[in-house]
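The values are calculated or read from the model by the stated rules, or taken from the named source; none is laboratory data. Values in this document were obtained by computation on a predicted structure and should not be read as measured data. Backbone-built Cβ (ideal geometry, glycine too); neighbour counts: all protein chains shown.
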Amino acid sequence: MTDAPTYEPPKVWTWNKESGGRFASINRPIAGPTHEKELPVGKHPLQLYSLATPNGQKVTIMLEELLALGHSGAEYDAWLIKIDGNQFGSGFVGVNPNSKIPALMDRSGPEPIRVFESGSILLYLAEKFGALLPTDRKTRTESLNWLFWQMGSAPYLGGGFGHFYAYAPTKIEYAIDRFAMEVKRQLDVLDRRLAEVEYLSGGDYSIADIAVWPWYGGFVKGLLYGGGEFLSVHEYKNVQRWTDQIAKRPAVKRGRIVNRISGDPASQLHERHDASDFETKTQDKIGEAAS
């Protein structure tokens, strides 16, 4: 390992400079809103405020899967919240005090219900509609095991490996090695499970798969952080099989492009307010209409 300057932490940490790297300008050690901004409200009871990060994709995929199953009450408006300071608007902080996407407001009852944290949203919607969560105790518990596994594990992939490998202003060998080791361990955990079962619960496709797929499926297909070759993701054959299988689902194809703002214009639907938007309002269609 190369020598690096020794850092001696002060007795009391103070925030006196930006940390550097991508997103540094919006990082801060305090919570709460930075400005007043109301959130828009559309015509459907379910109002989603999000961006097509892996966590955001979980919820739009879930909603599209519910609609595909015939649950018309899962119709939703998806509003774009860019991670450029908009997450600190007063309206968004009111829905999610943690200022992270996604956040959901359910206005179908006598009083609005806010739901934040992507895992909580998946569980809320599964219970609300009685779908995509097994009903027998053993398989339900296994599905929840993997849902909570993802919620606890993904920060090592994103904020850990992804940050130090792709976004940090300087490459730190110790940090990259530490998180590379952990991500490979996690992929091995998944691969061993998927050698035994088709879907993570051991039963049918469920919220466990919906939670894990955008993160780990995206990573092994080279869609996150560009570290696939570095970590030899081709070795995880069962994760690759499972990823490809889920990617073919029509609801997954729809859900992953909602609130997307980068990549192929045909794969960007910045906002979604009706099922017809997939055919008429992706960025390539908007471009055609404007030309």
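Restricting to helices (runs of 4 or more DSSP H) lying wholly in the stretch 220-291: which have 1 or more residues that are closer than 25 Å to LYS43 by Cα? Give the steps one after another, and end with the answer.
On the way: elements: 237-247, 250-255, 277-280, 283-290.
Hits in the stretch 220-291: 250-255, 277-280, 283-290.
Among the residues of the stretch 88-105, is there at least one that is modelled with pLDDT under 95 and in a strand (DSSP E or B)?
Yes, the stretch 88-105 contains a residue that is modelled with pLDDT under 95 and in a strand (DSSP E or B).
Go through the residues of the stretch 31-51 one by one and say whether even a single one is surrounded by 11 or more Cβ atoms within 10 Å (Cβ to Cβ), among the aromatic types (Phe, Trp, Tyr), at pLDDT 90 or above and within 18 Å of the chain's Cα centre (by Cα).
So far as the stretch 31-51 goes, yes, one or more of its residues are surrounded by 11 or more Cβ atoms within 10 Å (Cβ to Cβ), among the aromatic types (Phe, Trp, Tyr), at pLDDT 90 or above and within 18 Å of the chain's Cα centre (by Cα).
Can you find, within the stretch 183-228, the residue that is nearest to VAL239 (Cα to Cα) among those that are crowded, with 21+ Cβ neighbours inside 10 Å and of a type in the set (Gly, Ala, Ser)?
GLY217
Of (1) surrounded by fewer than 17 Cβ atoms within 10 Å (Cβ to Cβ); (2) touching a residue at least 12 places away in the same chain (Cβ under 8 Å); (3) over 20 Å from PRO214 (Cα atoms), GLN87 satisfies all except one. Which?
GLN87 satisfies all of (1) surrounded by fewer than 17 Cβ atoms within 10 Å (Cβ to Cβ); (2) touching a residue at least 12 places away in the same chain (Cβ under 8 Å); (3) over 20 Å from PRO214 (Cα atoms) except (1).
Can you tell me which residue in the stretch 1-26 is modelled with the highest pLDDT, limited to those that are loosely packed, with under 10 Cβ neighbours inside 10 Å and among the basic types (Lys, Arg)?
LYS11
Among the residues that make up the stretch 60-75, is at least one of them closer than 27 Å to GLY152 by Cβ, out of contact with any Leu (no Cβ under 9 Å at 6 or more places or on another chain) and of a type in the set (Ser, Thr, Tyr)?
No - not one qualifying residue is present in the stretch 60-75.
Hey, can you tell me all the residues within the stretch 113-169 that are among the aromatic types (Phe, Trp, Tyr) and under 20 Å from GLN186 (Cβ atoms)? I'd like the intermediate steps shown before the answer.
Going through the stretch 113-169, the residues among the aromatic types (Phe, Trp, Tyr) turn out to be 116, 124, 129, 146, 148-149, 156, 161, 164-165, 167.
Correct list: TRP146, PHE148, TRP149, TYR156, PHE161, PHE164, TYR165, TYR167.
Out of the residues in the stretch 265-291 meeting the condition of being at pLDDT 95 or above and of a type in the set (Ser, Thr, Tyr), tell me which one is nearest to THR53 (Cα to Cα).
SER267
Filter the stretch 241-279 down to the residues that are among the basic types (Lys, Arg) and either closer than 17 Å to ALA74 by Cβ or exposed (fewer than 15 other Cβ atoms within 10 Å of the Cβ) (or both) and list them by number. Even if it seems obvious, please write down each step before you answer.
Of all residues in the stretch 241-279, those among the basic types (Lys, Arg) come to 241, 248-249, 253-254, 256, 260, 272.
Once the filter is applied, which keeps residues that are among the basic types (Lys, Arg) and either closer than 17 Å to ALA74 by Cβ or exposed (fewer than 15 other Cβ atoms within 10 Å of the Cβ) (or both), the stretch 241-279 yields ARG241, LYS248, ARG249, LYS253, ARG254, ARG256, ARG272.
From the list LEU157, LEU132, which residue is assigned to a loop (DSSP other than H, G, I, E, B) and touching a residue at least 40 places away in the same chain (Cβ under 8 Å)?
Values: LEU157 fails: assigned to a loop (DSSP other than H, G, I, E, B).
Result: LEU132 is the single residue among LEU157, LEU132 that is assigned to a loop (DSSP other than H, G, I, E, B) and touching a residue at least 40 places away in the same chain (Cβ under 8 Å).
To keep it simple, each residue is scored yes or no on (1) in contact with an Asp or Glu (Cβ under 9 Å, 6 or more places away or on another chain); (2) within 22 Å of ILE61 (Cα to Cα); (3) surrounded by 14 or more Cβ atoms within 10 Å (Cβ to Cβ); (4) assigned by TED's automatic domain parsing to the domain that holds ILE246.
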{"position": "GLY94", "(1), (2), (3), (4)": "no, no, yes, no"}
{"position": "ILE121", "(1), (2), (3), (4)": "no, yes, yes, no"}
{"position": "GLU142", "(1), (2), (3), (4)": "no, yes, yes, yes"}
{"position": "PHE161", "(1), (2), (3), (4)": "yes, no, yes, yes"}
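I'm trying to understand the selection: among the residues of the stretch 167-182, which are modelled with pLDDT under 95 and either under 19 Å from the mean Cα position of the chain (by Cα) or crowded, with 20+ Cβ neighbours inside 10 Å (or both)?
Residue satisfying the conditions is TYR167 alone.
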